[in-house]
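Just below is one structure, and these are the notes that go with it.
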Amino acid sequence: MLSELKEKVYEANMELWRKGMVIYTWGNVSGIDMDKGLVVIKPSGVDYDEMKPEDMVVVDLNGNVVEGKLRPSSDTPTHIVLYKAYPQMGGIVHTHSVHAVAFAQAGKPVTALGTTHADYFFGDIPCTRSLTAEEVEEAYEVNTGNVIVETFQGKDPMAIPGVVVKNHGPFAWGKTPAEAVYNSVVMEKVAEMAYITYSINPSVQPAPQYMLDKHYYRKHGPNAYYGQGEEH
């Protein structure tokens, strides 16, 4: 079942590992077949160097295991909330990458300070509010998804394909599992850049909006001109 998607999700998980975004059993990537309403996700607590494509777990949008011998990631309910809220998402990533987690623990957004950020994120990468004690106790992973959706009210999640969950860490997404991993890696790198920038100049201001607009739209949208185009 969904062998092609399993392979893509497996490769996306391994790319996280190859890029140094995860250690031990940390982090997870999922992908969705929206037509079938099925999600493929990394199994819980399995080392990356031991994983195989057939270890990926298939769940439905109620979190029920449809196929797989292993338990799905404990973050599966968070992924499902996001897929239900945003059908344009085809892949979701969660990591504990150092600099993005630092912003999450500080309760601060990753501010759009320059053009590297603006090439991929159209504005600050937001930080959610803290979950309440009741939300944590009641349904922690579901409410983690809910607070992300709450944070993106009035925002385009595909223009800002990532978030830091306060006290927890980053989630990123994209149209495919591979794109979600790419955005996750970029988010960690721009968080590192922002951290260094604030250490040099704690009173630094965001980049001018016109510069952020220029860099975002030259890579995204109908008039994008960066790169070689799809015909190449």
>> Just to check your reading of the model, which residue among A172, A139 is modelled with pLDDT of 95 or more, buried (at least 22 other Cβ atoms within 10 Å of the Cβ) and hydrophobic (A, V, I, L, M, F, W, C)?
In response: A172
>> Go through segment 1-24 and report how many residues are open to solvent by less than 50 Å² (accessible area, probe 1.4 Å) and under 17 Å from P72 (Cβ atoms).
In response: 9
>> Scan segment 69-85 and tell me whether some residue there is crowded, with 17+ Cβ neighbours inside 10 Å, among the hydroxyl-bearing types (S, T, Y), more than 14 Å from the chain's Cα centre (by Cα) and under 23 Å from T25 (Cα atoms).
In response: yes
> Going through segment 14-26 one residue at a time, which ones are part of a helix (DSSP H, G or I) and without any contact (Cβ under 8 Å) to a residue 60 or more places away in the chain?
Replying inline: M14, W17, R18
> Which residues, taken from segment 45-68, are of a type outside the set (A, V, I, L, M) and either over 19 Å from V181 (Cβ atoms) or crowded, with 23+ Cβ neighbours inside 10 Å (or both)?
Replying inline: G45, E50, E54, D60, N62, G63, N64, E67, G68
> Which of (1) within 30 Å of K6 (Cα to Cα); (2) hydroxyl-bearing (S, T, Y); (3) open to solvent by 50 Å² or more (accessible area, probe 1.4 Å) is the odd one out, the single condition S184 does not satisfy?
Replying inline: (3)
> Which condition does I80 not pass, out of (1) more than 30 Å from V190 (Cα to Cα); (2) touching a Leu at 6+ places or on another chain (Cβ under 8 Å), if it passes all the others?
Replying inline: (1)
> So is M193 surrounded by fewer than 18 Cβ atoms within 10 Å (Cβ to Cβ) and under 13 Å from the mean Cα position of the chain (by Cα) or not?
Replying inline: no
>> Out of the residues in segment 196-228 meeting the condition of being open to solvent by 80 Å² or more (accessible area, probe 1.4 Å) and among the aromatic types (F, W, Y), tell me which one is modelled with the highest pLDDT.
In response: Y210
> Of all residues in segment 27-49, how many are part of a helix (DSSP H, G or I) and under 18 Å from the mean Cα position of the chain (by Cα)?
Replying inline: 0
> Which fully enclosed helices (runs of 4 or more DSSP H) of segment 87-189 have 3 or more residues being touching a strand residue (DSSP E or B) at 6+ places or on another chain (Cβ under 7 Å)?
Replying inline: 98-106, 133-151
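The values are calculated or read from the model by the stated rules, or taken from the named source; none is laboratory data. Computed from a prediction, not measured in an experiment: that's the story for all the values here. All Cβ positions, even for glycine, are placed from backbone atoms using ideal geometry, and neighbour counts span all protein chains on display. Accessible surface areas use protein heavy atoms only, side chains included; no ligands, DNA or RNA. Shrake-Rupley method; radii C 1.70, N 1.55, O 1.52, S 1.80 Å.
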